[in-house]
1. Name every residue in the stretch 243-274 that is of a type in the set (Ser, Thr, Tyr), in contact with a helix residue (DSSP H, G or I) (Cβ under 9 Å, 6 or more places away or on another chain) and more than 16 Å from residue 174 (Cα to Cα), in order of residue number.
2. Identify, by number, the condition in (1) free of Cβ contacts under 8 Å to residues at least 12 places away in the same chain; (2) closer than 26 Å to residue 86 by Cβ; (3) surrounded by fewer than 17 Cβ atoms within 10 Å (Cβ to Cβ) that residue 259 doesn't meet.
3. Please determine, by comparing only the residues of the stretch 57-88 that are of a type in the set (S, T, N, Q) and modelled with pLDDT of 80 or more, which one is nearest to residue 216 (Cα to Cα).
4. Return yes when residue 235 is in a loop (DSSP other than H, G, I, E, B) and over 15 Å from residue 85 (Cα atoms) and no when it is not.
5. Identify the residue in the stretch 162-188 that is out of contact with any strand residue (DSSP E or B) (no Cβ under 6 Å at 6 or more places or on another chain) and within 16 Å of residue 99 (Cα to Cα) and, among all such residues, is surrounded by the fewest Cβ atoms within 10 Å (Cβ to Cβ).
6. Before we move on, is residue 197 part of a loop (DSSP other than H, G, I, E, B) and in contact with a strand residue (DSSP E or B) (Cβ under 8 Å, 6 or more places away or on another chain)?
7. If residue 127 satisfies every condition in (1) under 28 Å from residue 231 (Cβ atoms); (2) part of a helix (DSSP H, G or I) but one, which is the exception?
Amino acid sequence: MEYVSRFEDLYEEGMPYLSIRTSLDEILKDLEYVQEKLSRGTCSRRSPLGSHVCWQSEGGQDFSSPSIQDILVLHPPRIIRALVNEKIITGVSSFLPLVEAATKLALNIYSSDEYGQNLASFRSALELEIPDLLHKTILQVEDRLTSYASSPSFSSQTAQCLSEEFPEGDILFLPLCNGGTMAGLDVFLRYQDLLRDKTVPYLYCGIRYSRLRCEDTGITFCAGEEKLLSELARDRTVVIFDEDVQSGTTLWRAEHFLRESLGKNLLICSMANYTCPQR
């Protein structure tokens, strides 16, 4: 089925505001509510929706009526954010299947209105494995550069570049959390769509290297994660993705950390949606 990006409609109204203070449970409730509305055909994707969560603008004002499209585009990366951040804190391997499940759920929500079954399975897995995580605070601060760099026009160009550079789909695509996740999901689906019936690329959203927001000094792996990535990278080129690049230091260091951890002979490259003008 052809991928129709939700970002096109969302960005027609202008760049979305990203800031939010909520919990994983409230995010899942929003998505469950939207799924029910969509399945009944009682609303359109652009319909305003009274949300369970507190949506904030850049200046801290609350948005009382985010649209369905806001929820369908902005919430899935927040689910991944919550799991990746907790994975780094705890370091336990039980987070790996949950990160994979969150990524599959995000791809499902981005590409289809029928995501209810995957969402219910994901909530059940969380309630069984790490119920406390559902009620921990998720804080996302405003970042207008990330919002701009995640524009569908940039993502379309990046996907086209990927299809020209790797026409067989033999890559392991690694968006850097947290900023690169939203655009990375969209780029991956666009790229996969361009490949048609060729080899399916692999997406892994569990790597965080956020030098400014999280003050990361390196890439922190949980137990078993390096082994998993080594297996996924076998016979594939690793493509590190970030939504924007300025000096190039973040991407260069991310490449260095991965080579140190996964092997000097790792085939690896990096790319970004948007290159910031040098000051």
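The values are calculated or read from the model by the stated rules, or taken from the named source; none is laboratory data. All values reported here derive from a predicted model rather than from experimental measurement. Cβ sites come from the backbone with ideal geometry, for glycine too, and all protein chains shown count toward neighbours.
1. Once the filter is applied, which keeps residues that are of a type in the set (Ser, Thr, Tyr), in contact with a helix residue (DSSP H, G or I) (Cβ under 9 Å, 6 or more places away or on another chain) and more than 16 Å from residue 174 (Cα to Cα), the stretch 243-274 yields only 274.
2. Status for residue 259: all satisfied but (2).
3. Taking the stretch 57-88 as the starting set, the residues that turn out to be of a type in the set (S, T, N, Q) are 57, 61, 64-65, 67, 69, 85.
Keeping just the survivors that are modelled with pLDDT of 80 or more gives 67, 69, 85.
Working: 67: 33, 69: 31, 85: 11 Å.
Ranking the candidates gives 85 first.
4. Values: in a loop (DSSP other than H, G, I, E, B): yes; over 15 Å from residue 85 (Cα atoms): yes.
Considered against the rule, which asks whether it is in a loop (DSSP other than H, G, I, E, B) and over 15 Å from residue 85 (Cα atoms), residue 235 comes out as yes.
5. Filtering first and then ranking leaves 178.
6. Considered against the rule, which asks whether it is part of a loop (DSSP other than H, G, I, E, B) and in contact with a strand residue (DSSP E or B) (Cβ under 8 Å, 6 or more places away or on another chain), residue 197 comes out as no.
7. (1)
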